[in-house]
Each structure stands twice: as C-alpha cells, then as structure tokens.
Amino acid sequence: MVMHYEAVVDSWCTNLERLLMDKPKGETDDADPNSEFEYWRQRMSYFNSVAEQLKKKQAKNIIGVLTTAMAKLIKKWKLIDQSVTDALNEAKDNNKYL
C-alpha cells in the first residue's frame, strides 16, 4: 500500500511543480493590466482548488500513511505543500492589489 501511495504523491508533486513554475503572463512586453489580473485570478482559483482537495480526508490519510512509514518522498512533499501555500498567498495578494 505504501508503494501505491508513494506513486500517488509523486504524481501530485510532479503536477504541482509544473504549476508552481508557471510564470505570470504580465512579465511579457506585450501584456496589459487586464491579462495580468486574469492570470492572478486564475492562479488563485486553481490553488484554492488544490488547497481544498488537500484538506480532504483521503489526501490527509495518504500523507499520514507515508509520514508514518517515514517515506523519503515526504520531505519533498512538505516542501511542495509549503510552496503551494506560498503561491496561493501570493496569488491572493496580487489579486487583491491589482
């Protein structure tokens, strides 16, 4: 069971790393304020959705099993989980101030 959960969390990590590396469209020369606002609105929406999914019992159980099993992947997961929280807060702040 632990190996299956490791595969699941590894997939989560890969997908979230891809999302976290996404850069604002507003950083291009031809971007306008509306496109930057839309970028941050969509990013906030996506990370809110991710955060809600990670609060569900099934996600918590999977992380709990891997933590109990002292899986090496947990260290990576904790860093990504913190990065997701940081990205959500950044998106909320940018959405609020734009």
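The values are calculated or read from the model by the stated rules, or taken from the named source; none is laboratory data. Just so you know, these numbers come straight off a predicted model, no measurement behind them. Cβ placement follows ideal geometry from the backbone for every residue including glycine, while neighbour counts extend to all protein chains displayed. The area values use the complete protein model at the heavy-atom level, side chains included, leaving out ligands, DNA and RNA. Shrake-Rupley method; radii C 1.70, N 1.55, O 1.52, S 1.80 Å.
Filtering the stretch 70-80 to residues that are open to solvent by 50 Å² or more (accessible area, probe 1.4 Å) and either at pLDDT below 90 or outside any helix (DSSP H, G or I) (or both) leaves Met70, Lys72.
Just give me the residues in the stretch 60-73 being free of Cβ contacts under 8 Å to residues at least 60 places away in the same chain and touching a helix residue (DSSP H, G or I) at 6+ places or on another chain (Cβ under 6 Å), in sequence order. Working first, answer last.
The first filter runs over the stretch 60-73 and keeps only residues free of Cβ contacts under 8 Å to residues at least 60 places away in the same chain, leaving 60-64, 67-68, 70, 72.
Answer for the stretch 60-73, where residues must be free of Cβ contacts under 8 Å to residues at least 60 places away in the same chain and touching a helix residue (DSSP H, G or I) at 6+ places or on another chain (Cβ under 6 Å): Ile62, Thr67.
From the list Asn15, Asn61, Asn89, the one residue that fits, being on the phi < 0 side of the Ramachandran plot, at pLDDT 95 or above and assigned to a helix (DSSP H, G or I), is Asn89.
Criterion applied to Tyr97, Tyr46 was being in contact (Cβ under 8 Å) with a residue 24 or more places away in the chain, open to solvent by 80 Å² or more (accessible area, probe 1.4 Å) and not acidic (Asp, Glu), and the one residue passing it is Tyr46.
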